Amino acid sequence: MTSEARASTRAGLLFGIGAYALWGAMPVYFLLMRPAGPFEIVAWRILFSLVFCALLLLVTRGFGRFRSVLHDRRAVASFALAGALIWANWTVYVIASTSGRVVDAALGYFINPIVTVLLGVVVQKERLRTLQWVAIGVSVLAVVVLAIETGSLPWISLALAASFGLYGLVKKRAGRIDAVSGLTLETAWLVPVAVVQLVVVGSTSGLAWGSAGWFPTLMLTSAGVGTAVPLLLFASSTRRLPLSVVGFLQYIAPILQLAIGVAVLHEPMSTGRWTGFVLVWVALVVLVGESLVRGRSRGIARVEPDPVA
């Protein structure tokens, strides 16, 4: 490997670690926005993300690329659906982060790769191999254990995994569109939703932005930067690293979320809850191990990355 290639790989690793570390630390970021509630946070995140993306398009002279996307009706429709799914994902994630359910959010992103495989069967009509079915079966057992432990389905975990898995599927079918143009289009579709949310919150409990002090206002205003920067780091990482490496880096985010939930926010972890997590980790080991073995037999090592939203 040449010195230039080593430098590129090193930069890719740093970008990837930075992206997933920022995504993993998001619960703390959202807590710094208090007293803003989850629906106000999501609304400002949408609006300021659109503003920041527009500035990026202006600085990088990317409006030409963005206009070409607007001429593709299929892409526009796909990104409308992607916007709806990412709105659901963001909303559930912020609710989890601000209501003491960060551990549930971490579980959702641990489950996500398995949900992605399952979607391949249901939507793409793919045929799974034996060990992939084993991984799915162990994951279902984990959900059953957690449901028995808590007395209800882990809806936050399942909603996050399902919404982000479907989001990834829609984006994949939309074709290769650069990250900034894609996020710009998604957030543009969501502007009416954000405005309605702000009107409702403002007329009921009142908006925290501009009235709860300079620090919450600053945190809410920075939501656009906080959304776009990890995405851009991720895009830079994937251009420099094999998918197998990026695929392993994706677990940094839920590991950090779990650590924050348990060590920082002191969320309870019973024996049954730990059992559910261990079963999910076993399923992931089976899934990743099978992928690597099969990849080596074909001369490649491939683990699909799933960027945390």
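Toward the positive end of the charge dipole of the stretch 23-152, with +1 on the Cβ of Lys and Arg and -1 on the Cβ of Asp and Glu, the farthest Cα among VAL42, LEU118, PHE52 is that of PHE52. For the pair ALA235 and GLU4, what calculated FRET efficiency results from E = 1/(1 + (r/R0)^6), where r is the Cβ-Cβ distance and R0 = 22 Å, to the nearest 0.05? Once the sixth-power term is evaluated, E becomes 0.60. Between GLU290 and TRP214, the simple label model (points 7 Å from Cα in the Cβ direction) yields a spacing of 5.6 nm. Farthest towards the positive end of the charge dipole of the stretch 7-297, among the residues TRP87, ALA142, THR98, is the Cα of TRP87, using unit charges on the Cβ of Lys, Arg, Asp and Glu.
Annotation: extensible slack from VAL199 through LEU31 equals 58.3 nm (criterion: 0.36 nm per residue apart, minus Cα-Cα distance).
Straightening the chain between VAL278 and VAL134 buys 50.4 nm, computed as 0.36 nm per residue apart minus the Cα-Cα spacing.
Just to confirm my numbers, what's the Cα centroid distance between the stretch 88-142 and the stretch 270-291 in Å? Measuring centre to centre over Cα atoms gives 12 Å.
For the stretch 44-93, the list of trypsin sites (Lys or Arg not before Pro) that fall in a loop by DSSP and count at most 11 other C-beta atoms within 10 angstrom reads ARG61. Translational diffusion of the stretch 7-297, estimated by Stokes-Einstein from the Kirkwood radius over alpha carbon pairs at 25 °C in a medium of 0.890 mPa s, is 122 µm² per second. Show me the trypsin sites (Lys or Arg not before Pro) within the stretch 99-151 that DSSP assigns to loop and that have at most 14 other Cβ atoms within 10 Å of their Cβ. Those satisfying the criteria are LYS125, ARG127, ARG129.
For the pair ALA259 and LEU119, what calculated FRET efficiency results from E = 1/(1 + (r/R0)^6), where r is the Cβ-Cβ distance and R0 = 30 Å, to the nearest 0.05? Efficiency, rounded to the nearest 0.05: 0.60.
Remark: the stretch 1-151 carries a charge dipole of roughly 520 debye about the Cα centre, counting +1 on each Lys and Arg Cβ and -1 on each Asp and Glu Cβ.
Values quoted throughout were computed directly from the atomic coordinates according to the rules given, and no laboratory measurement underlies them. Bear in mind that the values here come from a model prediction, so they are computed numbers and not experimental data. Here Cβ is always computed from backbone atoms with ideal geometry, including for glycine, and neighbour counts include all displayed protein chains.
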